[in-house]
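The values are calculated or read from the model by the stated rules, or taken from the named source; none is laboratory data. This is a predicted model, so every value here is computed, not measured. Neighbour counts run over all protein chains shown; Cβ positions are idealised from the backbone, glycine included.
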Amino acid sequence: METAEIRRRFLDHFERNGHTVVPSASLISPDPSVLFTIAGMVPFIPYLTGQQAAPYPRATSVQKCIRTSDIEEVGKTTRHGTFFQMNGNFSFGDYFKEGAVELAWELVTGSQDDGGYGFDPDRLWISVFHTDDEAFEVWKKVAGVPEERIQRMGLHDEENYWSTGQPGPAGPSSEIFYDRGPEYGPDGGPAVDKGGDRFLEIWNLVFMQYERGVSTGPGKNDFEILGDLPAKNIDTGMGMERVSYLLQGVDNMYEIDQVFPVIKQASELSGKRYGANHEDDVRMRVVGDHIRSSLMLIGDGVTPSNEGRGYVLRRLLRRSVRAMRLLGVDDRTLPELLPVSRDAMKSAYPELETDFTRISSVAYAEEDAFRKTLRTGTQIFDLAADETKQAGRPTLAGDTAFKLHDTYGFPIDITLEMAAEKGLSVDADEFRRLMTEQRERAKADAKSKKVGHADMSAYRELRDAGVTPFTGYEELSTDTRVRGLVRDGVAVLVAQEGDTVELVLDRTPFYAESGGQDSDAGIITADGSELEVLDVQRPIKGLIVHRVRVRSGELVSGQDVLAQVDPEWRIGACQAHSGTHVVHAALREVLGPQALQSGSYNKPGYLRLDFAWGQALGPETRSEVEEAANLGIRRNLPVSATYMPLERAKEIGALALFGETYDEDVRVVEMGGEWSRELCGGTHVARSSQIGLVTLTGESSVGAGSRRVEAFVGIEGFRYLAKERTLVSQLADTLNVQPEQLPERISRLVAQVREAEKKLAQLQRAALGTKAAELTGSAKDVLGVRFVAYEAPAGSSTEDLRNLVLDVRGKLGEQQPATVAVTAVGDNGRPTVVIATNQEARNRGLKAGELVKTAAQTLGGGGGGKDDVAQGGGSDPSKVTEALGRVEHLVGETITRGS
Ligand code: SER
């Protein structure tokens, strides 16, 4: 049975049984504290906790999920995939254990001719939470499973209890296992074959009825239970890949119809037969799995980077390229593999095909970047390996491996393998120690950045009294009432002059920061009091919270107030947000439809927009985009906002942001019809000409495959240009030329300065030449050693210093008496010292290399070299005189010790 069919039967079964079919949410988790959607229930969390009323009592979905904690296991076991699909059915306070068991059993054991999966009931085993007698009885009664095939498992062996790992809904669970037969493991059911290959878990039914608190220990199930959820819910998750491989009669999840074509392609490209050699098989499975995960992640708007989601994607792509290399394919491989994965997935996810130009360009750019990394890394590796061998050491230092990994992105397994090829081992303990150290550092950083989790209960209570209607699309000033005040997470009744508190109103014209648009500024007034609005946010869906400072008077909960948005601010905000849409449309007009926005921020006078694009724009393209944007503004296009069902908005091609979850009904903002059509809740001007002006000020990279443009808007745009004009006229005045002659004049001046610098250096060198003669005459006697020390003038180069000491030594000769010449300079960017010794000095133990070390240490650096001439440097130019003194002292000491 094809995966598409398994999916269809699942959704049909639950739809027939009164469930609303909900499309998969994005892989990008809606909850910012986790990177990815890891289970089917994630999009439904607010309904499970009761934070929001569920719009339907029953729902079903096939959710795209990513879990990468077991990435190293991929390909080695039968069932570890980084991307997988979880088929789920959910009840929000509707049916509970009986209903869940009945519905699942019917689908799993129902005949294939009747829309079921047709699993043999005699091969199915059940596990329940050890104290859950009710579930035990339900399985017996409703499904007729014999007692000996229902096993109890506990909390602390991490079985049969489920939560996302974060505070939120939790509950005991019950799982359905399929017995693959004695050839896969011992008898005795899942309780015996834990984690083995014989009893394969296909479906997890969670009886979501508790609210879980924070972790209390290292185990997955060490956490506190805060109490009951408002309702008893059902959350189930069936692993689609597992059911697929059982029903397709293949050995593992990598061989199902959605993955295997990629393995086949990898096998063809490498000329390695799948099934011939275990190690190669694992590599091909890694390719099959990771290519699919990367495809899906990029599809949902993730781009490769060095942190967070982007890093996971980068790792998946690089591991694929790497696995192909190990299979013997050194050429670019993604252009051969990614389209195959797309074709295997597109029937379930048609957007992969329509969006493939963008998806593939992100992936291919990453492969090219990685191939470059491999080239540079290989050079660094070769140097380090040769040095190690020359020094006669058998082991490559751990910090070299670490540096290759950390600085050059060179994977450790490549280092290990290349070292082995050269007959070297790698100090893996030291490597791991450095990695741990770095991870600890990163953790400490993250902790110090993380803001304390606000206690949401005060907001939740306010939210229970209803959503806050937003009046700000129609008016800037609204008569309203204080619904509640919150200070440090606690509801309070009064706020006094000087206090900063959070304020919830019955209705508000203040726009809460969202969709990239900054929050509105303004004031709220009441009888005898005035408040300044500092920030406006929506901590819970539907609830608008104003952070305010009481400028005068006092404010009481329940009081009538007048909320007034600053009209100047709002005009600026509208211009900036509409300006963002205009720049987006202009980018797509100039670069093509794949230049899709991935994020934005705007506030009065300023906007920035991140978009999918692989390389820098270049000045000409930038001007073109700027011109397209300003032409759009000049065309005086009408701007409209319309509400419509999400489906309809997609049909008419309204652009949505990756990773955002949208309601059933969405607001579509259009400018000039389809020229710019986006899902957007922001505030906008009425006609494009009201934006005034957009001036691009910068363009930069924000990770591979993603660029950022910044711009000033409206009067700020004008001010920016005016400032530039003033600057140009000042320069023209100073240089006494016409503005258009500036470029030519300035390059001439730069050339002249270069020429002058060169001449100056020549003069200095000539002066140092005559200096040598002078210095030989003024040599100091240090216990019979002729000691010449000289602090060279600022700007002298290392070469000048070297020539000088060699000159002095040459003039004084190699014979007796011993000679030490030292010269240093403080001010040539970094303090430098050079020392030369003659033969007699060396005979008496005065070695240039050692003397330099002392001097350089004093300068805060290091150095060394041969016995006869050596140089070093440091970082503290104020220590030059002291360094020369130290050398003199050491000369004296060495002679005393030697005699
Ligand atoms: N949330 C449970 C799981 O992920 C069931 O859907 O296994």
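If you check Gly873 against the conditions, is it closer than 20 Å to Gln816 by Cα, in contact with a strand residue (DSSP E or B) (Cβ under 8 Å, 6 or more places away or on another chain) and in contact (Cβ under 8 Å) with a residue 40 or more places away in the chain? Taking the combined requirement at face value, the residue does not satisfy it. Listed here are the strands (runs of 3 or more DSSP E) enclosed by region 799-894 that have at least 1 residues being surrounded by fewer than 21 Cβ atoms within 10 Å (Cβ to Cβ): 862-865, 869-873. Cβ separations smaller than 6 Å between residues 6+ apart or across chains give the following pairs from region 5-30 residues that are over 28 Å from Asp113 (Cβ atoms) to residues that are at pLDDT below 95 and part of a helix (DSSP H, G or I): Ala25/Pro43.
Close Cβ contacts (under 7 Å, 6 or more residues apart or on different chains) running from residues in region 217-245 that are away from the ligand (no atom under 16 Å from the Cβ) to residues that are modelled with pLDDT under 85 comprise Gly219/His156; Gly219/Glu158; Asp222/Ser215; Asp222/Thr216; Glu224/Val214; Glu224/Thr216. Of the residues that make up region 627-639, is at least one under 29 Å from the mean Cα position of the chain (by Cα) and surrounded by fewer than 21 Cβ atoms within 10 Å (Cβ to Cβ)? There is no residue in region 627-639 that is under 29 Å from the mean Cα position of the chain (by Cα) and surrounded by fewer than 21 Cβ atoms within 10 Å (Cβ to Cβ). With the condition kept exactly as written, say whether any residue in region 227-242 is more than 30 Å from Pro167 (Cβ to Cβ) and part of a helix (DSSP H, G or I). No, because not a single residue in region 227-242 is more than 30 Å from Pro167 (Cβ to Cβ) and part of a helix (DSSP H, G or I).
Within region 108-142, the set of residues being small (Gly, Ala, Ser) and surrounded by fewer than 21 Cβ atoms within 10 Å (Cβ to Cβ) comprises Gly110, Ser111, Gly115, Gly116, Gly118. Yes or no: region 369-379 includes at least one residue that is buried (at least 17 other Cβ atoms within 10 Å of the Cβ), among the basic types (Lys, Arg) and in contact with a helix residue (DSSP H, G or I) (Cβ under 9 Å, 6 or more places away or on another chain). Within region 369-379, none of the residues are buried (at least 17 other Cβ atoms within 10 Å of the Cβ), among the basic types (Lys, Arg) and in contact with a helix residue (DSSP H, G or I) (Cβ under 9 Å, 6 or more places away or on another chain).
The rows are residues; the columns are (1) of a type in the set (Val, Ile, Thr); (2) within 12 Å of the ligand (Cβ to nearest atom); (3) closer than 25 Å to Val302 by Cα; (4) surrounded by fewer than 18 Cβ atoms within 10 Å (Cβ to Cβ).
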{"residue": "Met41", "(1), (2), (3), (4)": "no, yes, yes, no"}
{"residue": "Tyr47", "(1), (2), (3), (4)": "no, no, no, no"}
{"residue": "Ala54", "(1), (2), (3), (4)": "no, no, no, no"}
{"residue": "Pro57", "(1), (2), (3), (4)": "no, no, no, yes"}
{"residue": "Glu72", "(1), (2), (3), (4)": "no, no, yes, yes"}
{"residue": "Gly75", "(1), (2), (3), (4)": "no, no, yes, no"}
{"residue": "His80", "(1), (2), (3), (4)": "no, no, yes, no"}
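Just one of the listed residues (Ala491, Ala526) is in contact with a strand residue (DSSP E or B) (Cβ under 8 Å, 6 or more places away or on another chain), among the hydrophobic types (A, V, I, L, M, F, W, C), more than 30 Å from Ile45 (Cβ to Cβ) and surrounded by 14 or more Cβ atoms within 10 Å (Cβ to Cβ), namely Ala526. Scan region 420-435 and report the pairs whose first residue is surrounded by 15 or more Cβ atoms within 10 Å (Cβ to Cβ) and whose second residue is among the hydroxyl-bearing types (Ser, Thr, Tyr) and modelled with pLDDT of 90 or more, with Cβ atoms within less than 8 Å and a gap of 6+ or a chain change. Partner pairs satisfying both residue conditions: Leu424/Thr388; Leu424/Thr395; Val426/Thr395; Asp427/Thr395. Every test in (1) within 21 Å of Gly219 (Cα to Cα); (2) buried (at least 18 other Cβ atoms within 10 Å of the Cβ); (3) within 16 Å of the ligand (Cβ to nearest atom); (4) among the charged types (D, E, K, R) is passed by Lys97 save one, and that test is (1). Region 118-208 holds no strands (runs of 3 or more DSSP E) entirely within its bounds that carry 2 or more residues that are in contact with a Cys (Cβ under 9 Å, 6 or more places away or on another chain) and more than 15 Å from the ligand (Cβ to nearest atom). Just one residue in the set Lys372, Lys403 is farther than 23 Å from Ala616 by Cα and either in a helix (DSSP H, G or I) or β-branched (Val, Ile, Thr) (or both); that residue is Lys403. Answer yes or no: is there a residue in region 257-265 that is more than 34 Å from the chain's Cα centre (by Cα) and away from the ligand (no atom under 14 Å from the Cβ). The answer is no; no qualifying residue exists. Of all the criteria given as (1) closer than 25 Å to Val142 by Cβ; (2) touching a residue at least 60 places away in the same chain (Cβ under 8 Å), the one not satisfied by Thr60 is (2). Which of the residues that make up region 31-55 are more than 21 Å from Arg463 (Cβ to Cβ) and either free of Cβ contacts under 8 Å to residues at least 40 places away in the same chain or in a loop (DSSP other than H, G, I, E, B) (or both)? If the condition is that a residue be more than 21 Å from Arg463 (Cβ to Cβ) and either free of Cβ contacts under 8 Å to residues at least 40 places away in the same chain or in a loop (DSSP other than H, G, I, E, B) (or both), then Val34, Leu35, Thr37, Ile38, Ala39, Gly40, Met41 are the ones that fit. Contact annotation: residue pairs with Cβ atoms under 6 Å, 6 or more positions apart or on different chains, pairing a residue in region 716-736 that is within 27 Å of Asn602 (Cα to Cα) with a partner that is aromatic (Phe, Trp, Tyr), are Tyr720/Phe712. All told, Phe712 meets the bar of being over 25 Å from Pro593 (Cβ atoms) and touching a helix residue (DSSP H, G or I) at 6+ places or on another chain (Cβ under 8 Å). Checked against (1) within 14 Å of the ligand (Cβ to nearest atom); (2) touching a Gly at 6+ places or on another chain (Cβ under 8 Å), Phe10 passes all but condition (2). Considering (1) within 16 Å of the ligand (Cβ to nearest atom); (2) under 30 Å from Asp281 (Cα atoms); (3) assigned to a loop (DSSP other than H, G, I, E, B), the lone condition that Phe84 does not fulfil carries the number (3). Could you tell me whether Ala54 is within 30 Å of the chain's Cα centre (by Cα) and not hydroxyl-bearing (Ser, Thr, Tyr)? Answer is no for this residue. Is it true that Phe136 is touching a Lys or Arg at 6+ places or on another chain (Cβ under 9 Å) and in contact (Cβ under 8 Å) with a residue 12 or more places away in the chain? It is true that Phe136 is touching a Lys or Arg at 6+ places or on another chain (Cβ under 9 Å) and in contact (Cβ under 8 Å) with a residue 12 or more places away in the chain. Of the set (1) closer than 30 Å to Leu338 by Cβ; (2) more than 16 Å from the ligand (Cβ to nearest atom), all apply to Gly213 but (1). I need the full set of residues from region 546-566 which are surrounded by fewer than 16 Cβ atoms within 10 Å (Cβ to Cβ) and either at pLDDT 95 or above or part of a strand (DSSP E or B) (or both), in order please. Hits for region 546-566 are Arg549, Arg551, Ser552, Val556, Asp560, Leu562.
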